1. For Leu137, Leu42, what's the fewest-to-most ordering of other Cβ within 10 Å of each Cβ?
2. Explain nothing, just compute: Karplus ³J(HN,Hα) = 6.51 cos²θ - 1.76 cosθ + 1.60, θ = phi - 60°, for every residue of the stretch 94-103 in order, whole Hz, x for Gly and Pro.
3. If you plug each phi of the stretch 155-168 into the Karplus form 6.51 cos²θ - 1.76 cosθ + 1.60 with θ = phi - 60°, what whole-Hz ³J(HN,Hα) values come out, in order, with x for Gly and Pro?
4. Using the Cβ atoms and a cut-off under 12 Å, what net charge is assigned to the surroundings of Asp322, where Lys and Arg are +1 and Asp and Glu are -1?
5. Sorted by mean Cβ packing within 10 Å, highest first, what order do the peptides 163-171, 58-66 take?
6. Nearest 20 debye, what's the magnitude of the dipole of the chain about its Cα centre given +1 on Lys and Arg Cβ and -1 on Asp and Glu Cβ?
7. Which one of Gln174, Ile247, Ala184 has its Cα pushed farthest toward the positive end of the charge dipole of the stretch 146-287, where Lys and Arg give +1 and Asp and Glu give -1 at the Cβ?
8. Just order 118-128, 76-86, 276-286 by mean Cβ neighbour count inside 10 Å, highest at the front, would you?
Amino acid sequence: MLNRRNFLTAAIGVAAAGTLAACAKEDGGSSTSSGGSKTITLGFSQVGSESGWRSANTDSVKSAAKEAGYNLKFSDAQQKQENQISAIRSYIAQKVDVIAFSPVVVTGWDAVLKEAKAAKIPVVLTDRSVETSDQSLYVTLVGSDFTDEGRRAARILEKVLTKAGHKGAVKIAQLEGTTGAAPAIERAKGFKEVMDADHADDWKIVVSQTGDFTRAGGKQVMAAFLQSNPDVNVLFAHNDDMAIGAIQSIEAAGKKPGKDILIVSIDGVKDGFVAMSEGKINAIVECNPLLGPQLMDVVKKVKNGESVERWIKTKEGDYMQDQAKAALPSRKY
Ligand code: GYE
């Protein structure tokens, strides 16, 4: 049911979609490039602007579209599924060539994706996946393997514990990403898989809650964790921004992040590397947000009717604290 707040947000979404439609006229949706071939119009619905990762991803998409000479229609859904649905509907109405979007949550997309299919507009998922029984509703996913990132986080925590000379029970607090989002579900799954297989006796997730992938969320939830579970000695945060927020609460509680509470997070944004070089985050599993160039490539292929792989994965690495200072200057996001 729509409560008043959601209704207002939905109304704003519709208004935004209307503006998009108006812009489409202005920037000429079906212009022709100098070479005579029709310019590709791409409608892109972004999740929001919740994290450093997301800002880097948005910049990458916009600059790659510009570089490729596409007509990009971009909208920010402010982490609201209903805003994404209205944006996609507006792209269908504008008859864009290809729709790409990074779905805020995994479920609830079938109806709008069927509308895109009926309009013969191919859909490319970027960054996050959806759950659907009809695989024909999207062409491909360009993005990371989040389950593997969760596994890598557990493996790197093994190294962090060894390095810190940690003895005794490992009491883990987990800051989850947005509830129902692919990276939150799959990172938790991958981490737990390694934990259950190899650390059933010594590791335990004592508290776990969503911080919505934001700094404010991480700060607030960590403060509550420290009240309810003052004995946690490890934090696994599903992204750097939540870890950075949590660090503020850990310090406010008179504890040392990176020492009293060992911290592993995912993303590898610049501020994460800064916190790591200051000794406050112990290790980071990289998740690459620079998906723009790969996305533009796929969009062109899809537009030309070429076949593409079902899942185009991104390459990424893992970093320990002692690598942070050296890696920092060359970080691109
Ligand atoms: O890790 C987080 C962002 O979907 C991979 O979303 C992305 C995640 C990323 O908000 O920082």
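A short reminder: the numbers here are calculations on the coordinates, not readings from a lab. These numbers were taken from a predicted model, which means no experiment stands behind them. Glycine gets a Cβ as well: all are built from the backbone with ideal geometry, and neighbour counts include every protein chain shown.
1. Ascending number of Cβ neighbours within 10 Å: Leu137, Leu42.
2. Computed from phi, the couplings for the stretch 94-103 are 7, 6, 5, 6, 9, 10, 10, 7, 10, x Hz.
3. Those phi angles translate into 5, 6, 5, 4, 5, 4, 5, 4, 4, 7, x, 5, 10, x Hz.
4. Once all neighbours under 12 Å are counted, the net charge is +3.
5. 58-66, 163-171
6. Computed about the Cα centre, the dipole is about 560 debye.
7. Ile247
8. With the highest mean Cβ count within 10 Å placed first, the list reads 276-286, 76-86, 118-128.
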